[in-house]
Amino acid sequence: MREETAVGERAMTGAAVYRGMDQATLDRQYSPSSRVPSLGTYLQEYERLSETAHRNHPARTGIAYGPHSAEVLDYFPGTGPGRPPLLVFVHGGNWQALGRAESAFPAPPLLAAGAAVAVVEYGLAPQVGLDAMAGMVRRSVDWLLRHADRLGFAPDRLHLCGTSAGAQLAAMALLPGPFEGPDVSGRIAGAVLLSGMYDLEPVRLSYVNEALRLDEAGARRNSPLHLLPPRLPEVVVARGGNETDEYVRQHERMVTALRPRAAVSDVVAERRNHFDLPYDLGTRGTELGDAVLALMGLGGTTA
């Protein structure tokens, strides 16, 4: 991820770019690493914890769900009796970093609670555009549902979870077409959206767009906040207490937009930030973990 250097490399013109913010301020607002001492520490921990998850839990790895070389996933089967619910995890990384190798870390507590877990990889910018990324996530969901019997999870209990950039991609999968990839909008039992960006116009105006290369129409087409249908499945929308003001605003706008359309759990984990919030997925006794387990019918309790 280029966050730690990209913001400082851009010209500081002082002119207002978005909502009264100059370029440097807007770039900082969409650089969540500006709120933590070291982004690299979290990335290393993701990799280490993911290696531990694979070492301690059997998984089917490198399963191709589509034709692109990046369209692969890892599947951790549930260990309890019967067919468990499935949580499909879509990683973040500003649409230009990370993959399944660093993204299995949420699996252990979810497996312990009785879920199966799929970790999805997708193509990254600038080689892959945002429309195609969203299509890949839809294709992963479609593939998993078509192979539910072989994999052993309950197809009517698939829950889609994304963090940061992954939250935008997961939210796009909730929308009916026409988009790239199959329409899976009516086949997702519930969604978990963590620290997401749901209106991409300010993202388009920030340093992040150097890789995404969105024009105004592309940003609008990939902004789930503006495209929500009248009815949606139950959604957990969460953020850390330590997020930039723009991430807070994006979270609040999405919660407000979802409330007339779905049952919504609004979670603010005060002691978490943008990068460690996913550690609470499936962890009983945390507000996020309890909300997610309740969503999946695994005995959690909402606050």
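Key figures for this structure:
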item	result
Single residue of 154, 173, 148 found to be in contact with a Lys or Arg (Cβ under 7 Å, 6 or more places away or on another chain), surrounded by fewer than 19 Cβ atoms within 10 Å (Cβ to Cβ) and hydrophobic (A, V, I, L, M, F, W, C)	154
Single residue of the stretch 275-301 satisfying the filter (in a helix (DSSP H, G or I) and aliphatic (A, V, I, L, M)) that is surrounded by the fewest Cβ atoms within 10 Å (Cβ to Cβ)	294
Subset tally (residues that are under 20 Å from the mean Cα position of the chain (by Cα) and of a type outside the set (Asp, Glu)) for the stretch 69-80	5
Subset tally (residues that are over 13 Å from residue 96 (Cα atoms) and buried (at least 18 other Cβ atoms within 10 Å of the Cβ)) for the stretch 119-131	2
Helices (runs of 4 or more DSSP H) contained entirely in the stretch 166-274, each with at least 1 residues that are at positive phi	none
Qualifying residue in the stretch 89-105 (condition: in contact (Cβ under 8 Å) with a residue 60 or more places away in the chain, polar (S, T, N, Q) and within 19 Å of residue 169 (Cα to Cα))	yes
Long-range neighbours under 6 Å by Cβ, at least six apart or interchain, first residue closer than 18 Å to residue 282 by Cα within the stretch 41-56, second acidic (Asp, Glu) and in a helix (DSSP H, G or I)	46/102; 50/102
Residue check for residue 221: among the charged types (D, E, K, R), over 23 Å from residue 86 (Cβ atoms) and surrounded by 20 or more Cβ atoms within 10 Å (Cβ to Cβ)	no
Residue list for the stretch 250-274, restricted to those being basic (Lys, Arg) and either buried (at least 21 other Cβ atoms within 10 Å of the Cβ) or more than 18 Å from residue 199 (Cα to Cα) (or both)	271, 272
Flag for residue 48 being surrounded by fewer than 19 Cβ atoms within 10 Å (Cβ to Cβ), basic (Lys, Arg) and out of contact with any Phe, Trp or Tyr (no Cβ under 7 Å at 6 or more places or on another chain)	yes
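The numbers here are math on the coordinates, done by the rules we state, and not lab data. Since this is a predicted model, take the numbers as computed values, not measurements. Neighbour counts are summed over all protein chains in view; Cβ atoms, including those assigned to glycine, are modelled from backbone coordinates with ideal geometry.
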